[in-house]
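Asks: Can you keep this structure in mind? I'll have questions shortly.
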Amino acid sequence: MRNTRALAAAGAAVAVLGLAAPTATAGGDHKQPSNIVALPSVIARGGQMTVTVDGCPQGGTMTSDAFRTTHLTPVKGANETSKGTATIKEDARPGSYDITVNCSGRRLTRPAAFTVIGGVRGGIGGSSTSGATPTDIAIGGGLVAAALAGGGLFWMRRRAERRY
């Protein structure tokens, strides 16, 4: 009697596993791209950005309005992950951009995946392109003259106090 229950339980387990096995392998043939990650997520024009995509074991392509179509290559040692490096166009407008990935005929778009910011003119006074105007020079000269006059007056006054 005990053997009959054990045999029935084993048969039920084999039946459940037998029905579940084809379902598990059928989903493995059709990988879906997922989890698009762009680093850095905020980038200036002309900068390089790395994009990784899960569910893309054979590689593929990625596109955006901010960069040219770029190839994704499989990452060694990481199952089903691909990676690519894109260079942001110099004429890209500041704002948020989408990334569309195509892996093995399957497409996925991540809206607002990264943000392009305007370039900064470092070394010449921030974002100023024209330099100092005559008004700026007059204001700066006036402030320097006032500081010299105030310092001279203070020094003359201190000197006069010591005589008494």
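The values are calculated or read from the model by the stated rules, or taken from the named source; none is laboratory data. Values in this document were obtained by computation on a predicted structure and should not be read as measured data. Neighbour counts run over all protein chains shown; Cβ positions are idealised from the backbone, glycine included. For the accessible areas, the whole protein counts, side chains as well, though only heavy atoms, and no ligand, DNA or RNA atoms are used. Shrake-Rupley method; radii C 1.70, N 1.55, O 1.52, S 1.80 Å.
Asks: If we sort 142-152, 52-62 on the protection proxy, mean other Cβ atoms within 10 Å, highest first, what's the order?
Replies: For the peptides 142-152, 52-62, the packing ranking is 52-62, 142-152.
Asks: If the cut-off is a Cα-Cα distance under 22 Å, which lysines reach K31, setting aside same-chain residues fewer than 8 apart in sequence?
Replies: Result set, ordered by chain and number: K76, K83.
Asks: Bins of 10 Å, beginning at zero and ending with the bin holding the largest distance: percent of Cα pairs per bin for segment 35-114, please.
Replies: Calculated P(r), rounded to whole percents: 20, 56, 22, 2.
Asks: Quick one: length gained pulling R68 to F154 fully straight, 0.36 nm per residue minus the C-alpha distance?
Replies: Here the segment from R68 to F154 would lengthen by 24.5 nm.
Asks: So, taking all protein chains as they sit and a 1.4 Å probe, how much accessible area belongs to K89, in Å² rounded to tens?
Replies: Counting only protein heavy atoms, K89 exposes about 80 Å² to solvent.
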